[in-house]
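Comments concern the structure below.
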Amino acid sequence: MNIDAPWPTPRAARQRVLQIQTKLHQWATDDPQRRFDDLYNLVADPAFLAVAWRRVRGNRGARSSGVDGDTVRSIVERGEETFLAELRADLKARTFRPLPVRERMIPKADGKRRRLGIPTVRDRVAQAALKLVLEPIFEADFAPCSYGFRPKRRAQDAIAEIHFFTSHSYEWVVEGDIEACFDAIDHSALVGRLRARLGDRRVLNLVKAFLRSGILSEAGVAHETISGTPQGGILSPLLANVALSVLDEQFVAAWQAMGSSHDREQRRRHGLPTYRLVRYADDFVVVVAGTRGDAEQLREEARAVLRAMGLRLSEAKTRISHIDEGFDFLGFRIVRQPRPNRTGRRVCTYPSKAALAAVKAKVRTLTRQAMDRPLAALLHRLRLVLRGWTSYFRHGLSKATFSYLRAFVWRRVVCWLRRKHARATWKQLRRHYLPRWWPTEGETMLFDPAAVAVSRYRYRGDRIPSPWEVGRIA
């Protein structure tokens, strides 16, 4: 491989990366025991670095700086080709050393805080290039039951699979919550799983360097990282999936041992349970066709499997529930209810109370500020929030929630207008800002959540193609 080639154009870089990724994925799929050598040169390849840079540049966190103070904008001003050339030279000479990530503590809904690590832009580009190389290899091994942080997969796929099984006699649910998953993964166990596929020690050493790069706390104190993959790094989700695939393998092997659908039905007739794992990153559920005792036994089995990776289940948040009681997962409320005006029951999925409260809090925040800005600016910011939220929840019984949210947002915007124009009469506000009783300024209208069409998401099962099978870049 000629790694001294000139910097390619963006299109040529994407095509080259896609071509190599497709080969890596095909080789990994054809031979599950294959260990890949000479991958390090790909990490330093101009095409991979160019694609990695464009991804880092286009991310939402491009304006955030690491411990060195550099942002994407400052690098562009100095010259991005010079930046990439220096990074490539360090990678080729194996003198590249990642800097500690900058710590930022993010509040959680339960009052606690989680750690977000912000790497330097230079480290982000190196991580992105490394991910471009590793992802097609490990995607060949990942089980169909995991959906989080994987290409062509989304949370709605996980919800659809849960809906499918709970609609077919899987009535008990184990809700798994892993304590500080990204902070607690055992490095030795993780590298051991990576070695099963990676024979290039240079790549393994680069991964280890990122794992042990350290953290610079908000107080300015440096800490070593002896476990975990700090959230915020581009490589962290892939490494977390590699670690958590130990759970997938355990439950997939059990599922395959149960045989066909007829065999599973015979098991249930003989009083034996059947069960299925559905995982989205570090959140997972196990749906069980059996008894509560079977569910409790599976909870202990999951706890034992995770212990090998240095992980443990939260005693307080790991629950066992019946589908008639319902449970929350990925923002959805999943519960079996009687059919209106009909016999029988059906499994319903709709936005949970916590998810609705979260979007209402965002609307409140937006409508409490920016009183000096025009109405169109507020409507634009509300559109971004509401359109994304309704798009996520439109695959479910969400029409009533959307209608409620419509009325809530209308009231908040009208109250904002009355505070902004305290001296205007209600008649004046209606004439200027509420034509047909709907907040509008110029060509900008308030986004209407109730106008979003809802539909049932199609359950795709194990028929989700990888991006390298359909000829598109990951």
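The values are calculated or read from the model by the stated rules, or taken from the named source; none is laboratory data. Quantities reported herein were computed from a predicted structural model and do not represent experimental measurements. Positions of Cβ are backbone-derived with ideal geometry, glycine not excepted, and every protein chain shown enters the neighbour counts. Only protein heavy atoms, including side chains, enter the accessible area calculation; ligands, DNA and RNA are left aside. Shrake-Rupley method; radii C 1.70, N 1.55, O 1.52, S 1.80 Å.
Looking at the P(r) of the range 383-453, how many percent of alpha-carbon pairs lie beyond 18 Å? When all Cα pairs of the range 383-453 are counted, 42 percent exceed 18 Å. Summing Cβ point charges (Lys, Arg +1; Asp, Glu -1) relative to the Cα centre of the range 193-324 gives a dipole of roughly 360 debye.
Straightening the chain between residue 97 and residue 217 buys 41.3 nm, computed as 0.36 nm per residue apart minus the Cα-Cα spacing.
Note on residue 20: accessible area is roughly 30 Å² with a 1.4 Å probe, heavy atoms of protein only.
Rolling a 1.4 angstrom probe over the protein heavy atoms with all chains in place gives the range 408-474 an accessible area of 64 Å² per residue.
Looking at the range 289-354, the accessible area is 54 square angstrom per residue; that uses a 1.4 Å probe and ignores ligands, DNA and RNA. Residue pairs exceeding 24 angstrom between C-alpha atoms, taken from 92/208; 131/362; 92/131; 112/420; 23/152: 131/362; 112/420. Per-residue SASA remark: residue 300, around 80 Å² accessible (1.4 Å probe; ligands, DNA and RNA not included). Roughly how many percent of the accessible protein surface of the chain is carbon and sulfur, given a 1.4 Å probe and a whole-percent answer? That fraction is 48 percent. Remark: accessible surface ordering of 38, 70, 200 (largest first) is 38, 70, 200, probe radius 1.4 Å.
Ranking 337, 258, 136 by how far each Cα lies toward the positive end of the dipole of the chain (charges on Cβ) leaves 337 at the top. With all protein chains in place and ligands, DNA and RNA left out, the 1.4 Å accessible area ranks 421, 187 as 421, 187, largest first.
In terms of its C-alpha gyration tensor, the range 97-220 has an oblate overall shape, because the principal axis ratio a/c (a ≥ b ≥ c, square roots of the eigenvalues) is not below 1.5 and a/b does not outweigh b/c. Charged side chains reduced to their Cβ positions (Lys and Arg at +1, Asp and Glu at -1) give the chain a dipole of some 2740 debye around its Cα centre.
Contact order for the chain, expressed relative to its length and based on alpha carbon pairs under 8 Å spaced 6+ residues apart, stands at 17 percent.
For the range 87-190, the solvent-accessible area of protein heavy atoms averages 37 Å² per residue (probe radius 1.4 Å; ligands and nucleic acids excluded).
Computed from the Kirkwood radius of its Cα pairs, the Stokes-Einstein diffusion coefficient for the chain at 25 °C and 0.890 mPa s stands at 98 µm²/s. About its Cα centre, the range 262-320 has a charge dipole of approximately 60 debye under the convention of +1 per Lys or Arg Cβ and -1 per Asp or Glu Cβ, with nothing else charged. From its DSSP helices (H runs of at least four residues, each -39,500 (n - 2.57)), the chain gives a residue-normalised ellipticity at 222 nm of -15000 deg cm²/dmol.
Just want the answer: with Cβ charges of +1 for Lys and Arg and -1 for Asp and Glu, which residue in 407, 392, 375 is farthest toward the dipole's positive end in the range 341-459? Final value for the positive-end residue is 407. Please figure out what share of the DSSP beta bridges in the chain is antiparallel and state it in percent, rounded to the nearest 5. Antiparallel bridges: around 90 percent, rounded to the nearest 5. Once both labels are positioned 7 Å from their Cα atoms along Cα-to-Cβ, the gap between residue 308 and residue 27 label points is 2.7 nm. In this structure, residue 38 and residue 65 have a Cβ-Cβ separation that, at R0 = 35 Å, corresponds to a calculated FRET efficiency of about 0.55.
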